[in-house]
Amino acid sequence: MTQTPQMSPAQPAPYAPLTRPAQPAPVAPLTPPSQPAPVAHPTQSAPYAPPLPTTGSAPYASPMSPVPAAGRWAPVPRPDSHPTTRGAAVNGTLSGLVLLAATLTTGLMAGLYFAFSVAVMPGLGKSGDRTLVEAMQRINVAILNGWFTLAFGGALVLGIVAAVLHRGGAGRPALQWIIAGVVLYALSLLITMGFSVPLNNKLADAGAPGRIHDVAAVRAGFESAWIHWNIARTLACTAALGCLAWAMRVAAGAGRA
């Protein structure tokens with residue numbers, strides 16, 4: 001018999017180690033497209049730089065000064081540094097202060113006359129003859145002091161100066177009221193010097209109250225006339241005060257306009 005050869009089982013193929021798949025090539029990051037270089041507009045040009053001034057030319061106020069005349073740039077003055085503006089401000093302050101001083105001194109004199117009208121003379125009127133004569137003689141001496149002189153004469157002088165300072169500019173609308181106040185105050189001075197002072201001198205010439213033979217007659221020749229003229233100067237001085245006070249209001253309103 002013929003023997004059939006036995007087939008040995010097939011041997012498995014040898015194991016091949018696994019290999020990692022090939023890594024893809026790294027991708028380069030996207031870069032933004034390059035920006036084109038800016039192209040200057042054909043109508044634009046570099047800003048004009050004015051030439052430096054030469055010796056003797058006008059100073060520059062600003063690179064944007066108005067169009068030059070005859071090849072030179074005209075300076076632009078600053079309003080706050082203009083000498084006329086500074087002068088007007090100083091003058092306005094001075095005129096206001098002088099007007100205020102004139103109003104205050106006039107008010108002091110009006111108050112003095114008013115006090116005699118409503119307090120001093122009515123009080124002395126209820127006293128005896130000798131008391132009234134002696135009191136008025138002493139008052140007429142004591143009142144002649146520096147403070148009284150400063151207010152008595154200063155009101156007129158300050159009023160005149162205030163009128164001069166308000167002749168022009170923003171304060172001119174107040175000029176007519178200042179003049180009215182000065183005139184009325186001058187009227188009170190005329191009454192004082194023309195009537196009140198002569199009555200005071202007459203009372204002083206009568207002598208000491210203890211040596212006056214007829215004190216009642218001296219009082220009668222002084223009291224009534226002095227009171228009437230004091231009321232007159234009180235009204236004139238008070239009216240002057242009103243005019244000056246109104247002038248201050250007008251001047252202040254004109255300065256704000």
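The values are calculated or read from the model by the stated rules, or taken from the named source; none is laboratory data. Just so you know, these numbers come straight off a predicted model, no measurement behind them. Using ideal geometry, Cβ is built from the backbone for each residue, glycine included, and neighbour counts are taken over all protein chains shown.
Condition check: in contact with a Cys (Cβ under 8 Å, 6 or more places away or on another chain), surrounded by 18 or more Cβ atoms within 10 Å (Cβ to Cβ) and in contact (Cβ under 8 Å) with a residue 24 or more places away in the chain. Does Ile191 satisfy that? No: the conditions fail for Ile191. Applying a threshold of 7 Å to beta carbon distances and a minimum spacing of six or more residues, or different chains, the list of pairs starting in region 144-165 at a residue that is surrounded by 14 or more Cβ atoms within 10 Å (Cβ to Cβ) and modelled with pLDDT under 95 and ending at one that is of a type in the set (Phe, Trp, Tyr) and in a helix (DSSP H, G or I) is empty.
Contact annotation: residue pairs with Cβ atoms under 6 Å, 6 or more positions apart or on different chains, pairing a residue in region 110-137 that is without any contact (Cβ under 8 Å) to a residue 12 or more places away in the chain and part of a helix (DSSP H, G or I) with a partner that is surrounded by 17 or more Cβ atoms within 10 Å (Cβ to Cβ) and of a type outside the set (Gly, Ala, Ser), are Ala135/Leu124.
Name every residue in region 67-105 that is among the β-branched types (Val, Ile, Thr) and either at pLDDT below 55 or out of contact with any Gly (no Cβ under 7 Å at 6 or more places or on another chain) (or both), in order of residue number. Val67, Val76, Thr84, Thr85, Val90, Thr93, Val98, Thr103 - these are the residues of region 67-105 that are among the β-branched types (Val, Ile, Thr) and either at pLDDT below 55 or out of contact with any Gly (no Cβ under 7 Å at 6 or more places or on another chain) (or both). The residue of region 211-241 that is surrounded by the most Cβ atoms within 10 Å (Cβ to Cβ), among those that are over 23 Å from Gly194 (Cβ atoms) and touching a residue at least 60 places away in the same chain (Cβ under 8 Å), is Val215.
Taken over region 194-210, the criterion of being touching a residue at least 12 places away in the same chain (Cβ under 8 Å) and under 26 Å from Cys237 (Cα atoms) is satisfied by Phe195, Ser196, Leu199, Asn200, Lys202, Leu203, Ala204.
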